[in-house]
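Okay, so here's the structure we're looking at.
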Amino acid sequence: MKEIQIREAAPQDAEKILSYMKQIGAETDNLTYGAQGLPVTVGQEQAFLQDMRDDAHCVFYCAWKDGTLVGTGSLSGLPRRMSHRGELGISVLKAEWGRGIGSMLMDSLITYARSNGIEIINLEVRSDNAAAIHLYEKFGFQRIGTSPAFFKVGTQYVDFDLMYLDLRQPGFTPPVRVVHVRP
């Protein structure tokens with residue numbers, strides 16, 4: 001495998017991130033959007049990325065392979081009495097599935113959470129997405145319930161599993177170590 005670099009997204013990455021989102025949206029029905037990507041401008045995405053960088057409880061990582069964006073991972077800390085919690089999102093180009101990029105992003109996000117006061121991480125995943133569920137369970141996430149008809153793709157309703165990772169548990173070490181680079 002060619003070297004993968006994980007680094008925090010910067011505002012200048014906005015255009016590539018939006019293009020990536022259109023590509024992955026067209027490749028899978030596992031995301032909240034399809035081939036159209038998200039309805040945001042480059043300027044709005046730049047502002048979002050800057051806000052993420054400025055908030056110590058949030059991070060947005062990009063996985064780069066030979067200058068190509070091949071994966072993203074985000075951790076969004078919650079406000080007020082929920083400030084010990086964060087919500088996780090992750091995506092990888094379909095051509096790169098099964099090559100360890102998801103694990104590298106997960107390790108980066110969990111390491112960030114531990115270093116920035118996030119003790120519990122939540123996520124939602126399609127109940128039929130066995131590969132993603134396996135990844136999350138490998139990192140210690142547990143299923144805590146199912147949300148019926150969480151998505152509606154065309155005429156099909158799709159259930160999602162709710163999962164969480166409690167980082168207050170002593171002794172858990174993620175299985176991968178990644179070098180983090182900040183531009």
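At a glance:
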{"read-out": "Hypothetical label at ASP159: residues of the range 19-35 whose amide nitrogen lies under 18 Å (7 Å Cα-Cβ projection)", "value": "30"}
{"read-out": "Under the Debye formula (equal points on every Cα, no solvent term), log10 I(q)/I(0) of the chain at q = 0.13, 0.17, 0.20 Å⁻¹", "value": "-0.67, -1.20, -1.65"}
{"read-out": "Test item: Cα-centred dipole of the range 1-108, Lys/Arg +1 and Asp/Glu -1 on Cβ, debye", "value": "180 debye"}
{"read-out": "Peptides 147-156, 102-111, 77-86 ordered by average Cβ neighbours within 10 Å, highest first", "value": "102-111, 77-86, 147-156"}
{"read-out": "Solution diffusion estimate, µm²/s, Stokes-Einstein, the range 47-87, Kirkwood Rh from C-alpha pairs, 37 °C, viscosity 0.692 mPa s", "value": "291 µm²/s"}
{"read-out": "LYS152 versus ASP29: modelled label distance in nm, points set 7 Å from Cα along the beta carbon direction", "value": "1.4 nm"}
{"read-out": "Neighbour-count ranking [beta-carbon atoms within 10 angstrom, fewest first] of TYR61, TYR33, TYR112", "value": "TYR33, TYR112, TYR61"}
{"read-out": "Exposure proxy ranking, count of Cβ atoms within 10 Å, fewest first, for VAL42, VAL59, VAL158", "value": "VAL42, VAL158, VAL59"}
{"read-out": "Two-site label geometry, GLN50 and SER83: point separation in nm, points 7 Å out along Cα→Cβ", "value": "2.4 nm"}
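Each value in this text was obtained by applying a stated rule to the coordinates, not by laboratory testing. Since this is a predicted model, take the numbers as computed values, not measurements. Don't worry about glycine lacking a Cβ; one is built from the backbone with ideal geometry, like all the others, and counts go over all protein chains shown.
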